[in-house]
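What follows is a single structure, written as structure tokens, with notes after it.
The values are calculated or read from the model by the stated rules, or taken from the named source; none is laboratory data. Remember, predicted model here, so these are calculated numbers, not experimental data. Here the Cβ positions follow ideal geometry from the backbone for every residue, glycine too, while neighbour counts run over all protein chains shown.
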Amino acid sequence: MKKIIVANWKMNPSNLSQASELFSSVEKFLKNNSKILKHKEVVICPPFVFIPQLCLQQKTRNLIKIGAQNCFWEEIGPFTGEISPKMLKDFKLEYIILGHSERRLILKEDDQMINKKLQAVLNLKMKPILCVGEKKEDRQKGRTFEVLKKQLTEGLKQISTTFQKSKIFIAYEPVWAIGSGNPCQPVQAKEVLFFLKKFLNSKFSLKFYFLYGGSVNSDNAQNYIKVGFDGLLVGGASLNKEEFLKILQ
Ligand code: PGA
């Protein structure tokens, strides 16, 4: 399986022309360095409003997959301000990030909402990237595994029997490491990876893939792959062209 590098642009950049330029430079780089794609899948998750234009300007879908940072759980109807996974599928998107800690903390998304979204995404045979991670105080109090267990148990409720052939990506993103410049040490992340695999294998007969996210940069990116992660979820560093291209290399 190819390693998957997911760029989470969050609410950046501030205008379409910058988004378009950043996207094109990554695309051009991959075109000129196509051997990178033998071992890696590159996914860019821009803000919703940029998706149509980026899909249009994309010359081929073989270089970059465009993904989304969130979606709603219903397909259509009176849900002001929401975007359905079906609308995203219409743009041929495959990947959707769900349960990012910024949405959990700032927008008060809970595990039940995230679970509904996850089921909606899987129902459409799309690929969810479910984010889980502990806060600083959870880690300090030794509650990391307990928090992850809860997020996974509730977030993945009712999926075991229905979605046997689905691809489910779990992004371990310790909240304290996100945007802090203080990444989780690869040995610590490896401990969590072992826990996640053991826990999920004991509960589900599904195939999971694991990403690490939280202050990933071009210096530390490889370390997470070396300890066994299937990919990376990159925030800040994915907005810096040079830095992101180095990560891809
Ligand atoms: P960061 O963000 O790389 O800026 O820490 C990662 C994320 O929030 O997905």
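List of remarks:
- Region 148-164, residues that are buried (at least 18 other Cβ atoms within 10 Å of the Cβ) and not small (G, A, S): L148, Q151, L152, L156, I159, F163
- Among residues of region 222-236 that are within 14 Å of the ligand (Cβ to nearest atom), those with a beta-carbon under 8 Å from a residue that is part of a loop (DSSP other than H, G, I, E, B) and among the aliphatic types (A, V, I, L, M) at least six positions away or on a different chain give the pairs Y224/V216; L232/V216; L233/V216; V234/V216; G235/I178; G235/V216.
- Residues within region 101-126 that are over 14 Å from K89 (Cα atoms) and assigned to a loop (DSSP other than H, G, I, E, B), tallied: 4
- Residue that is nearest to I5 (Cα to Cα), among those in region 237-246 that are in contact (Cβ under 8 Å) with a residue 24 or more places away in the chain and near the ligand (Cβ under 10 Å from one of its atoms): S238
- Residues that are farther than 20 Å from S84 by Cα, among the β-branched types (V, I, T) and within 14 Å of the chain's Cα centre (by Cα), drawn from region 100-138: V132
- Qualifying residues in region 183-221 (those that are touching a Pro at 6+ places or on another chain (Cβ under 9 Å), within 24 Å of K167 (Cβ to Cβ) and assigned to a helix (DSSP H, G or I)) - the one farthest from the ligand (Cβ to nearest atom): V192
- Restricting attention to region 162-180 and to residues that are out of contact with any helix residue (DSSP H, G or I) (no Cβ under 6 Å at 6 or more places or on another chain) and either part of a helix (DSSP H, G or I) or modelled with pLDDT under 95 (or both), the residue that is farthest from L233 (Cα to Cα) turns out to be T162.
- Cβ pairs under 6 Å, 6+ apart, first in region 192-211 and more than 17 Å from P128 (Cβ to Cβ), second not aliphatic (A, V, I, L, M): V192/Y172; L193/F210; L193/G228; F195/F145
- Filtered residue count, region 23-52, keeping only those that are out of contact with any helix residue (DSSP H, G or I) (no Cβ under 6 Å at 6 or more places or on another chain) and farther than 22 Å from F169 by Cβ: 10
- From the options K141, K167, residue that is more than 17 Å from the chain's Cα centre (by Cα), surrounded by fewer than 20 Cβ atoms within 10 Å (Cβ to Cβ) and more than 16 Å from the ligand (Cβ to nearest atom): K141
- Selection status of I76, among the aliphatic types (A, V, I, L, M) and within 27 Å of E21 (Cα to Cα): no
- Residue within region 95-106 that is more than 16 Å from the ligand (Cβ to nearest atom) and either closer than 25 Å to I170 by Cα or among the β-branched types (V, I, T) (or both) present: no
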